[in-house]
Amino acid sequence: MSFLSIVWNVSPVIFNLGGVEIRWYGILFAFAFIICYLLLRKVFRKEGVDVFYLDKLTMYCFVAVLVGARLGHCLFYDFDYYSHHIVEMLLPIHKTAEGWRFSGYQGLASHGGAIGIIIALLLYSRNTKIPFMWVVERLVIAICFGGASIRLGNLMNSEIYGLPTSLPWGFIFVRDHQNIACHPTQLYEALSYIAIGIVLFVLLTKKKTHQGMIFGIFLVALFGARFLLEFLKNNQESWENALPIDMGQILSLPFIVAGVVLIVLARKKDLGKTLDIKLLTTKKEKK
């Protein structure tokens with residue numbers, strides 16, 4: 001054991017409330033939405049869009065992230081189990097010898113959440129008439145900071161960490177029965193997401209990029225970082241050991257390719273319509 005390592009033995013449970021465990025992950029997951037909302041409210045107000053549309057967008061995204069991330073984990077990572085436990089896939093409960101108990105959604109996949117958000121934004125754009133690309137290029141900035149918060153939740157759970165390391169910032173995850181220092185890949189991802197979010201925000205405020213460029217850069221940068229950091233991680237499921245790359249990397253590749261395509265196309269012309277504030281005001285008044 002290296003004296004330079006960081007011994008990490010934080011309980012994932014903050015406190016119990018009436019028999020229900022309040023966990024750091026759940027708090028940080030909720031905090032991710034708060035961060036996204038506050039950032040987007042500032043952007044919406046600055047660009048003259050009524051917060052009414054942001055509230056509606058928040059509801060779409062909340063349902064999309066929760067359902068998408070949950071189904072993504074169950075279908076991509078643990079299908080053998082959940083194909084025989086459909087109730088546990090859909091509801092935050094777990095069957096034990098003593099009966100059913102509330103467990104929360106212990107298992108969420110970011111790639112599933114990403115797919116869910118894209119579908120939700122298409123529906124939101126169709127319903128509100130707000131151009132898809134206008135919404136997504138502002139939302140992805142907030143998602144970067146929200147994603148960082150969720151990765152900190154993984155750190156508090158002592159999960160999704162990396163391979164052994166001799167580096168001085170290696171973490172010994174005591175709660176997961178580790179006695180050697182490992183890469184704190186949760187922190188690596190959180191810091192990379194924050195850096196990407198800052199860069200995208202600067203690009204948005206300069207307003208010198210064609211529509212579609214920011215979304216493309218987001219896909220390449222975020223999922224590219226995810227792809228590279230997976231090389232430092234332990235596989236989440238044993239069957240991944242038989243693959244040349246793990247499931248997280250396989251699922252990242254389509255997003256990276258899509259991002260490259262968007263960047264190439266966006267360099268030639270805008271990929272979306274501009275936002276007509278007057279049309280939004282008229283539509284809201286009719287409702």
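Determine, yes or no, whether R175 is closer than 30 Å to R41 by Cβ, among the charged types (D, E, K, R) and either open to solvent by 10 Å² or more (accessible area, probe 1.4 Å) or outside any helix (DSSP H, G or I) (or both).
On the way: closer than 30 Å to R41 by Cβ: no; among the charged types (D, E, K, R): yes; either open to solvent by 10 Å² or more (accessible area, probe 1.4 Å) or outside any helix (DSSP H, G or I) (or both): yes.
Considered against the rule, which asks whether it is closer than 30 Å to R41 by Cβ, among the charged types (D, E, K, R) and either open to solvent by 10 Å² or more (accessible area, probe 1.4 Å) or outside any helix (DSSP H, G or I) (or both), R175 comes out as no.
Can you pull out the residues in the stretch 1-10 that are open to solvent by less than 50 Å² (accessible area, probe 1.4 Å) and among the hydroxyl-bearing types (S, T, Y)?
Just the residues of the stretch 1-10 that are open to solvent by less than 50 Å² (accessible area, probe 1.4 Å), to begin with: 5, 8, 10.
Residue satisfying the conditions is S5 alone.
V202 versus (1) closer than 23 Å to A64 by Cα; (2) outside any loop (DSSP other than H, G, I, E, B); (3) open to solvent by 30 Å² or more (accessible area, probe 1.4 Å); (4) of a type outside the set (K, R): which is the lone unmet condition?
(1)
Go through (1) under 14 Å from T128 (Cα atoms); (2) of a type in the set (D, E); (3) not in a helix (DSSP H, G or I) one by one and return the number of the condition D55 breaks.
(3)
Quick one: would you say V49 is in a loop (DSSP other than H, G, I, E, B), at negative phi and either open to solvent by less than 20 Å² (accessible area, probe 1.4 Å) or of a type outside the set (A, V, I, L, M) (or both)?
Here the answer is yes, as V49 does meet what is asked.
In the stretch 221-247, which residues are at pLDDT 85 or above and in a helix (DSSP H, G or I)? Break it down stepwise before answering.
Our first condition is that a residue be at pLDDT 85 or above; within the stretch 221-247, this holds for 221-233, 245-246.
Once the filter is applied, which keeps residues that are at pLDDT 85 or above and in a helix (DSSP H, G or I), the stretch 221-247 yields A221, L222, F223, G224, A225, R226, F227, L228, L229, E230, F231, L232.
Which of (1) open to solvent by 10 Å² or more (accessible area, probe 1.4 Å); (2) under 24 Å from E230 (Cβ atoms); (3) at pLDDT 85 or above does F76 not meet, given it meets every other one?
Going through (1) open to solvent by 10 Å² or more (accessible area, probe 1.4 Å); (2) under 24 Å from E230 (Cβ atoms); (3) at pLDDT 85 or above one by one, F76 breaks only (3).
Only residues that are open to solvent by less than 50 Å² (accessible area, probe 1.4 Å) and touching a residue at least 12 places away in the same chain (Cβ under 8 Å): list them for the stretch 12-33, please.
Scanning the stretch 12-33 gives P12, Y25, G26, L28, F29, A32, F33.
Would you confirm whether or not the stretch 215-238 contains a residue that is within 30 Å of K269 (Cβ to Cβ) and either surrounded by fewer than 16 Cβ atoms within 10 Å (Cβ to Cβ) or over 18 Å from the mean Cα position of the chain (by Cα) (or both)?
Initially, the stretch 215-238 is screened for residues within 30 Å of K269 (Cβ to Cβ), giving 215-227.
Add one more test, that the residue is either surrounded by fewer than 16 Cβ atoms within 10 Å (Cβ to Cβ) or over 18 Å from the mean Cα position of the chain (by Cα) (or both), and what stays is none.
No, there is no match, as no residue in the stretch 215-238 is within 30 Å of K269 (Cβ to Cβ) and either surrounded by fewer than 16 Cβ atoms within 10 Å (Cβ to Cβ) or over 18 Å from the mean Cα position of the chain (by Cα) (or both).
Tally time: how many residues in the stretch 155-172 are under 15 Å from the mean Cα position of the chain (by Cα) and crowded, with 21+ Cβ neighbours inside 10 Å?
Residues meeting the conditions: 1.
Can you tell me which residue in the stretch 120-147 is farthest from F31 (Cα to Cα), limited to those that are assigned to a helix (DSSP H, G or I), at pLDDT 90 or above and touching a Lys or Arg at 6+ places or on another chain (Cβ under 9 Å)? Before you say what the answer is, go through the steps one by one.
Taking the stretch 120-147 as the starting set, the residues that turn out to be assigned to a helix (DSSP H, G or I) are 120-128, 132-147.
Next cut, at pLDDT 90 or above only: 120-127, 132-147.
Adding the requirement that they be touching a Lys or Arg at 6+ places or on another chain (Cβ under 9 Å) leaves 124, 127, 132-134.
Values: Y124: 23, N127: 27, F132: 25, M133: 25, W134: 24 Å.
Per the stated criteria, the residue is N127.
Can you say whether F255 is part of a helix (DSSP H, G or I), on the phi < 0 side of the Ramachandran plot, modelled with pLDDT of 95 or more and open to solvent by less than 70 Å² (accessible area, probe 1.4 Å), as far as the supplied structure shows?
Taking the combined requirement at face value, the residue does not satisfy it.
Between a first residue in the stretch 118-144 that is at positive phi and surrounded by fewer than 22 Cβ atoms within 10 Å (Cβ to Cβ) and a second residue that is of a type in the set (A, V, I, L, M, F, W, C) and in a helix (DSSP H, G or I), which pairs have beta carbons less than 8 Å apart while being 6 or more apart in sequence or on different chains?
K129/L279; K129/L280
Would you please list the contacts, defined by Cβ atoms under 7 Å and residues six or more apart or on different chains, that run from a residue in the stretch 245-269 that is closer than 21 Å to S110 by Cβ to a residue that is part of a loop (DSSP other than H, G, I, E, B) and open to solvent by less than 80 Å² (accessible area, probe 1.4 Å)?
D246/N235; M247/Y77; L262/G212; L262/L271
Checking Y193 against (1) surrounded by fewer than 19 Cβ atoms within 10 Å (Cβ to Cβ); (2) of a type in the set (S, T, Y); (3) modelled with pLDDT of 95 or more: exactly one of these is not met. Which one?
(1)
Let's see how each residue does on (1) assigned to a helix (DSSP H, G or I); (2) open to solvent by less than 50 Å² (accessible area, probe 1.4 Å):
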residue	(1), (2)
I35	yes, yes
L39	yes, no
G68	yes, yes
G72	yes, yes
M89	yes, yes
W100	no, no
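Would you please list the contacts, defined by Cβ atoms under 6 Å and residues six or more apart or on different chains, that run from a residue in the stretch 151-169 that is at positive phi to a residue that is open to solvent by 20 Å² or more (accessible area, probe 1.4 Å)?
S158/R175; S158/D176
The values are calculated or read from the model by the stated rules, or taken from the named source; none is laboratory data. Everything numeric in this text was worked out from a predicted model, so none of it was measured. All Cβ positions, glycine included, derive from the backbone under ideal geometry; neighbour counts span all protein chains shown. Quick note on the areas: whole protein, heavy atoms, side chains included, nothing else; ligands and nucleic acids left out. Shrake-Rupley method; radii C 1.70, N 1.55, O 1.52, S 1.80 Å.
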